[in-house]
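Peer 1: This is the structure I want to talk about, given as structure tokens.
What follows draws every value from the coordinates through simple rules; no lab data is involved. Quick caveat: nothing in here was measured; it's all calculated off a predicted structure. In this analysis, Cβ positions are derived from the backbone assuming ideal geometry, glycine residues included, and neighbour counts consider all displayed protein chains.
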Amino acid sequence: MATNTNITGVAELDAKLFRLSRALRKKIVNSAARKGLKPVLKQARKNAPVKTGALRRGTKIKTTRSRVRSGARIETNRRQFYGTILEFEHSHKSGANIPGMFWMERALEDKREAGMRIFRTEIINGIEKWAPNG
């Protein structure tokens, strides 16, 4: 599940951010995104189905490794592939349709606002820290 959120209405903040170097922008945005996703991660771990606990432990925040994009996402360890199977509706080999649990989607719905507040605050703090005159 990929959900992108764009923050609008912050043109001045955006302009200040783009006055910084690309590496510094990426550092600020990635750091803010990681901190903003922490409440969502905590809720996702609470919502995760438990059989052995490996899915809960394997759910982590990963930053984007791209030259063009910045940000972070929550993903499960590749060994816990069944997290994706449990998240979405799927068909069993017997032909039965198994409904999705949507444990990660519910975490995002529950903690989106808290995460966005943290993200905005961290972006502002990062700009003030690295571009005090900006």
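Peer 1: Lysines near Lys129 by alpha-carbon distance under 19 Å, same-chain residues fewer than 8 away left out - which ones?
Peer 2: Lys129 reaches Lys16, Lys26, Lys27, Lys35.
Peer 1: Please report, in whole Å, how far the alpha carbons of region 60-127 spread along each principal axis, starting with the longest.
Peer 2: 55, 28, 18
Peer 1: Taking the structure as given and computing Cα extents along the principal axes in Å, which label from (1) 63, 22, 20; (2) 64, 26, 24; (3) 39, 37, 25 fits?
Peer 2: (2)
Peer 1: Same structure, new question: Excluding residues fewer than 8 places away in the same chain, name every one of the aspartates and glutamates whose C-alpha is closer than 19 Å to that of Lys62.
Peer 2: Glu75, Glu87, Glu105, Glu122
Peer 1: Please give the FRET efficiency for Phe81 paired with Glu113, using the beta carbon to beta carbon distance and R0 = 30 Å, rounded to the nearest 0.05. Write out the running numbers ahead of the final one.
Peer 2: On the way: r = 30 Å, r/R0 = 1.01.
The computed FRET efficiency comes out at 0.50.
Peer 1: If you don't mind, there's one more thing I want to ask. Pull up all non-local amide H partners of Ile98: gap of 5 or more, or a different chain, and H-to-H distance under 5 Å with H placed in the peptide plane.
Peer 2: His90, Ser91, His92
Peer 1: Enumerate the amide H contacts of Thr59 below 5 Å, restricted to partners 5 or more residues apart or on another chain; note that Pro and chain-start residues carry no placed amide H.
Peer 2: Hits under the 5 Å cutoff: Asn77.
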